[in-house]
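Okay, so here's the structure we're looking at.
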Amino acid sequence: MKKTVSLTLVGYILYALAVTFYIWVGADTSLPAELAGTKADPATFLSNKELMITEEYSKIRNTIYFLTLPVEWIFYFLLLVLGGARAIQGWAEKVTKYKTLQTGIYLFWLTFFSTVIHYPLSYLRYFLSKDYGITVQSYSGWMRDQVVGFWEGILIMWIVVLLLYVLIRKFSKWWWAIAWACFIPLVFFMMYIQPVVIDPLYNDFTELQDKELEEKILDLASEADIPADRVYEVNMAEKTNSINAYVTGVGGNSRIVLWDTLLTRLKEEEILFIMAHEMGHYDMNHIVIGITGYIVFSFFAFYLIHLSAGRLLNRFGQRWKINSLNQLASLPLLLLLVSLLLFLASPVTNAVSRYQEHRADVYAIELTGNAEPAIEAFQEITRSSLSEVNPPALVKFFRYTHPSMVDRIAYLERYVKEE
Ligand SMILES: [Zn+2]
């Protein structure tokens, strides 16, 4: 057991060194030569100081991302190997004999330890973001969001895990298929309540104050067949300097939302381009395609989890003191498998997402009929978010749901020239 722990820790340290070397020394992040001097070249719209800060901040951020990545897996793994998964079940059983409450207590402790272990790197991310002027949120405000997230996570997981273990106990062979079938309405339910129940837990939403702008946005929306009669602005200026906007929800809960930072940092034409981009996602059914993709993926994922969890418990169950999947103690194993599968799928989902982002850019130029404001908007977003100029290949592969700003601006520039 001691050997497993030390091997895991040595493995993590070696991994951390390799990743750090890759990001700071190995990877080539210079601008492709053919783009030098074009509008996509950050040297043409950022000062030397901004360029330097952008590069430095991106490297730090990427390093922290890769350092954080395996922490969750190691946490679940050690919990199983060291018997913690079984011990927490014991604590829960001591408090109450009701399975529903036991599940709640189990989730509380699991989330608690996970939060404690993740805290140093989360705090470092927050601290650096503040240091570099992206986040402007106070520590207490940030902590408040963490606490809300903590309880929100436990509540949602409680419902999911309760249902899951009822199925596992009742249908030991087919639980994964039934769980998958129940998972579909749950996803839609979550999407439905997200904009009206979950999002407002973190931020204040109001109707867009600028009625003239709202009208222009709604004009665009009706061209894109979006059933919205209102635009919402969300109070983000007290938290961040970043810029964002989105169309969210399904059916009657669809909402067009923009961050107030967008209003102060971008000109009207630039704002309209960003909104048109978001509407492109909606109009081209990107949300629906994304969900369908996840539903198909999760079918295989549920099956693989069923298969591999069974095999792993047969082999190591005795050592982990978990004799069957029926026990709550197997939860860290299930979560470990889910997390690994999501990670393995991420290069594919990211690539699909990057393609959709590109399509939405094209859609927005066509809807607004003007690519110049788009270029300016992307340049401003690069400046205000310290977006990385040319991310290293592995970072792009695992992290980038959007094409890099260089790629997006270069495309727009070609589009303007061809017109
Ligand atoms: Zn987009």
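Each value in this text was obtained by applying a stated rule to the coordinates, not by laboratory testing. Because the structure is a prediction, the values reported are computed rather than measured. Heads up, the Cβs are rebuilt from the backbone with ideal geometry, glycines too, and the neighbour counts pull from every protein chain shown.
Tabulated values for the structure
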quantity	calculated
Tilt relative to the chain, helix 175-193 - C-alpha long axis, 0 to 90 degrees, to 10	40 degrees
Among ILE271, ILE64, ILE289: highest mean-square fluctuation, GNM of the chain, C-alpha pairs under 10 Å	ILE289
FRET efficiency estimate (nearest 0.05) - Cβ-Cβ, ASP219 to SER308, R0 51 angstrom	0.45
Value of relative contact order over the chain, rounded to a whole percent, pairs C-alpha under 8 Å and six or more apart	23 percent
Electrostatic dipole magnitude of the range 120-276 [Cβ: Lys, Arg +1; Asp, Glu -1; Cα centre; debye, to 20]	1260 debye
Cα long-axis angle, helix 286-320 against the chain (0 to 90 degrees, to the nearest 10)	30 degrees
Extension gain from VAL95 to TRP158, taking 0.36 nm per residue of separation minus the Cα-Cα distance	21.0 nm
Angle in degrees between helix 331-368 and the longest Cα principal axis of the chain, rounded to the nearest 10	10 degrees
Trypsin sites (Lys or Arg not before Pro) restricted to the range 59-126 and DSSP loop, no more than 12 other C-beta within 10 Å	LYS97
Computed [θ] at 222 nm, helices only, for the chain once each DSSP H run of length n ≥ 4 contributes -39500 (n - 2.57)	-24000 deg cm²/dmol
The range 272-419 - Rg over Rh from alpha carbon coordinates, Kirkwood radius	1.17
Dipole axis of the chain (+1 Lys, Arg; -1 Asp, Glu on Cβ), positive-most option in PRO373, HIS286, TYR139	TYR139
Where only C-alpha atoms are counted, convex hull volume of the chain per residue in Å³	152 Å³
Calculated Rg and Dmax of the range 222-357 using C-alpha coordinates, Å	21.3, 64
Top positive-direction residue, dipole computed over the chain with Cβ charges, set LEU262, LEU124, LEU334	LEU334
Percentage relative contact order, the range 62-186, counting C-alpha pairs under 8 Å, at least six apart	22 percent
Proportion of all alpha-carbon pairs of the range 180-248 beyond 21 Å (%)	40 percent
